[in-house]
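The values are calculated or read from the model by the stated rules, or taken from the named source; none is laboratory data. All figures in this text were calculated on a predicted structure; none of them were measured in a lab. Note that we place each Cβ from the backbone using ideal geometry, even for glycine, and neighbour counts take in every protein chain shown. Calculation scope for accessible area: heavy atoms of the full protein, side chains included, ligands and nucleic acids excluded. Shrake-Rupley method; radii C 1.70, N 1.55, O 1.52, S 1.80 Å.
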Amino acid sequence: MKIAIAGSGALGCGFGYMMQKNGNDVTLIDFWEDHIKAIQKNGLTITVNGKEDNIDIPIGKPADIKDTFDAVFIFTKSMGLRHMLEEIKHLLSEDTKVICLLNGLGHAKTIAEYIPEKNIIMGTTVWTGGLDAPGKTHFMGEGPVEVQNADINEKESTLQIVKMMADSGLNGVYSQDVHFTTWRKACVNGTMNALCSLLDCNIKELFATSEHEDLIKEIVSEFSLVAETEGVHLDVEETVSYLKATAEKVGAHYPSMHQDLQNKRLTEIDFLNGTVAKEAENKGLNAPYSKLITQLIHAKEDILGIK
Ligand code: NAD
């Protein structure tokens, strides 16, 4: 399959590497000059589940790439999605499938402004990754990557993408309800990412605090309230149990939002708790925890001088 990775940071490089290793024709796309130059000069150095490798893989800015692709995987941060969609229009044919695995809420609506519904595939992933230096990344996990087509008639082509990911060792799975998985993943990020960032602690430390149960329940209740208005039922008790089980598995790990602040990069808070606060306000509902958390994270970005 001819594949482009639009946004080749931690996850983009990980997915690109796994798919190229499996014989797909992969091109990385990015805007970060140092990272592009490093990969062009020395190849991509990547450690997958502890094993380091180096591969030659084409990379360039959108304007440098002239081909069209069978599939484009988007791996920008949430706030970079719209800009990337603007920049990659010339890489899309009538049938190019666009797969979005970003964390956060509201991306399907943004993508629908640029891509016909028949070509949109939404999903979530529990693989994790990090950027160690320009041209050097790490990638960890065993999946799954859950995806579902936006247009109900496009299941067959989505199953081909699922198979390609499964063959590449990414554990692709066809999701029966991607809206639910997206909201549930947003609950993970809206609780653990936001609270660990504000409290400057890891997930194990968060779950050892006396206040964690109350805080998490309040946040999940607000997410559930807004999800219900979009036809997604998030049972609060079940979601809280899921979060506890996830936290136990993950342990003393600092979530990506904590790392973003440490690296002086903008967070995705507006697409998590921020979206819940805004949607609640638009719909005459109450989401005070989400609003306060969003304000506090923005205040922290300001203190750190992040633009
Ligand atoms: P990332 O920050 O590694 O990369 C995103 C973009 O930012 C890339 O274009 C990258 O080149 C650019 N970038 C990164 N560091 C930069 C720097 N110092 N200077 C200039 N540009 C820089 O993002 P990611 O972690 O791959 O995440 C992509 C999406 O996937 C996000 O929505 C994220 O929430 C989600 N996600 C990430 C993980 C994870 O473990 N990293 C896990 C699940 C979901």
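Counting only protein heavy atoms, what percent of the accessible surface of the chain is carbon or sulfur at a 1.4 Å probe? Please report the intermediate quantities before stating the final value.
Numbers: 7130 of 14270 Å².
Here carbon and sulfur together make up 50 percent of the probe-accessible area.
The residues of the range 120-201 have, on average, 40 Å² of accessible surface per residue, using a 1.4 Å probe with all protein chains present.
Between the range 274-304 and the range 190-209, how many Å separate their Cα centres? Centre-to-centre (Cα) distance: 17 Å. With everything on Cα atoms, drop me the angle between helix 236-250 and the longest principal axis of the chain, reported from 0 to 90° to the nearest 10. Once rounded, the angle reads 60 degrees.
A simple charge model with +1 on the Cβ of Lys and Arg, -1 on the Cβ of Asp and Glu and nothing else charged puts the dipole of the chain at about 600 debye relative to its Cα centre.
Is there a pair in Lys41/Lys61; Lys61/Lys249; Lys155/Lys278; Lys77/Lys97 whose C-alpha atoms are over 26 Å apart, and which pairs would that be? In this structure, Lys61/Lys249; Lys155/Lys278 exceed 26 Å between Cα atoms. Approximating the spin labels as points 7 Å out from Cα along Cα→Cβ, the Asn49-to-Ala245 distance works out to 2.1 nm. Here is the list for the range 215-307: GluC sites (Glu not before Pro) lying in DSSP coil, each with at most 16 other C-beta atoms within 10 angstrom of its C-beta, are Glu230. A full extension of the chain between Trp32 and Ser210 corresponds to an added length of 59.9 nm, given 0.36 nm per residue minus the alpha carbon distance. Here's the list of lysines a cross-link from Lys51 could span, going by alpha-carbon distance under 16 Å and ignoring same-chain residues fewer than 8 apart: Lys21, Lys136.
For the range 71-86, the Karplus equation 6.51 cos²θ - 1.76 cosθ + 1.60, evaluated at θ = phi - 60°, returns couplings of 9, 10, 8, 9, 9, 7, 6, 3, 6, x, 4, 4, 4, 4, 4, 4 Hz by residue, with Gly and Pro reported as x.
Fully extending the segment from Asn22 to Leu304, taken as 0.36 nm per residue of separation minus the present Cα-Cα distance, adds 97.4 nm.
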